[in-house]
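Have a look at the structure below, then the notes.
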Amino acid sequence: MGRESKFTKSDLYQATNQLLLQYGYNGFHFGLLAEQLNVTRAAIYKYFDNKDELITEYMVDEMERFLLDLQKIKEYPLFKDQLDYLLGVIFKYSRIHQILSMVFQIQRSNHAKVDEALELLETQHEKMYSYLNDFVQLGKRDKFLKSEFPNHLILGFIFQTVNIPNHSQLPKQDWKNLVMEFLCSGMFNNK
């Protein structure tokens, strides 16, 4: 057999991310992961009982990194600076929404580690919403955002900007600046 090469947690998470994006939750399995890491499936089973345990642990880690960056939004007192920072974080973690949406396919089980991770993900999601809600409230308070628009509409619109293809192949910073301008000024000329 001879494929007992070592892998780091970073290698494991990177491969998990790539395979989840490529094959989705239902198509992901330890055979694919073992092939990607050039190890045996048994090497992965030494650390994880099943794919849900691995995927939820990976999601918790990814969400934790996202939250560490997102919480820094409070370092910017002005709304436009917060929006600029938020767009940077969103573009940095552009695939996190796609990955985290797979959490709804994972069933609560009798597997304690999976259930604990799912509960932690719920807590992390609440923390994320708290940061984002404070951001929107600042924008409404300072009259940058229209108070009649619900928070979830504003946040949904901002988060969906990562799905707009950059067909003009602008450098990342230029693309982010263009998206920021569009969000702040709209597409209509003021008449």
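The values are calculated or read from the model by the stated rules, or taken from the named source; none is laboratory data. For clarity, every value in this text was computed on a predicted model and none was experimentally measured. Here the Cβ positions follow ideal geometry from the backbone for every residue, glycine too, while neighbour counts run over all protein chains shown. Heads up: the accessible areas ignore ligands, DNA and RNA and are worked out on the full protein's heavy atoms, side chains in. Shrake-Rupley method; radii C 1.70, N 1.55, O 1.52, S 1.80 Å.
Only one of the numbered conditions (1) within 28 Å of ALA15 (Cβ to Cβ); (2) open to solvent by 30 Å² or more (accessible area, probe 1.4 Å); (3) under 18 Å from the mean Cα position of the chain (by Cα) is not met by TYR129, and that is (1).
I'd like to verify a number: residues in segment 60-94 that are open to solvent by less than 50 Å² (accessible area, probe 1.4 Å) and touching a residue at least 60 places away in the same chain (Cβ under 8 Å), how many? Steps first, please.
First pass over segment 60-94, keeping only residues open to solvent by less than 50 Å² (accessible area, probe 1.4 Å): 60, 62-63, 66-67, 69-70, 73, 79, 82-83, 85-90, 93-94.
If we keep only those that are touching a residue at least 60 places away in the same chain (Cβ under 8 Å) too, we end up with 60, 63, 66-67, 70, 73, 79, 83, 86-88, 90, 94.
Summing the residues that are open to solvent by less than 50 Å² (accessible area, probe 1.4 Å) and touching a residue at least 60 places away in the same chain (Cβ under 8 Å) in segment 60-94 gives 13.
Looking at this structure, is GLU119 without any contact (Cβ under 8 Å) to a residue 12 or more places away in the chain, within 20 Å of LYS72 (Cα to Cα) and either open to solvent by 90 Å² or more (accessible area, probe 1.4 Å) or not in a helix (DSSP H, G or I) (or both)? For GLU119, the condition - without any contact (Cβ under 8 Å) to a residue 12 or more places away in the chain, within 20 Å of LYS72 (Cα to Cα) and either open to solvent by 90 Å² or more (accessible area, probe 1.4 Å) or not in a helix (DSSP H, G or I) (or both) - is not met. Within segment 34-51, the set of residues being open to solvent by less than 60 Å² (accessible area, probe 1.4 Å), over 13 Å from LYS9 (Cα atoms) and touching a Leu at 6+ places or on another chain (Cβ under 9 Å) comprises VAL39, LYS51.
Evaluation of GLU57 against the conditions (1) crowded, with 18+ Cβ neighbours inside 10 Å; (2) among the charged types (D, E, K, R); (3) in a loop (DSSP other than H, G, I, E, B) shows that the sole unmet condition is (3). Would you check if there is a residue in segment 133-156 being closer than 21 Å to VAL60 by Cβ and either part of a helix (DSSP H, G or I) or touching a residue at least 12 places away in the same chain (Cβ under 8 Å) (or both)? No - not one qualifying residue is present in segment 133-156.
Which residue, of ASP49, ASP11, is under 20 Å from SER109 (Cα atoms), acidic (Asp, Glu) and either touching a helix residue (DSSP H, G or I) at 6+ places or on another chain (Cβ under 8 Å) or not in a helix (DSSP H, G or I) (or both)? It would help to see each step written out before you state the result.
Numbers: ASP11 fails: under 20 Å from SER109 (Cα atoms).
From the options ASP49, ASP11, the qualifying one is ASP49.
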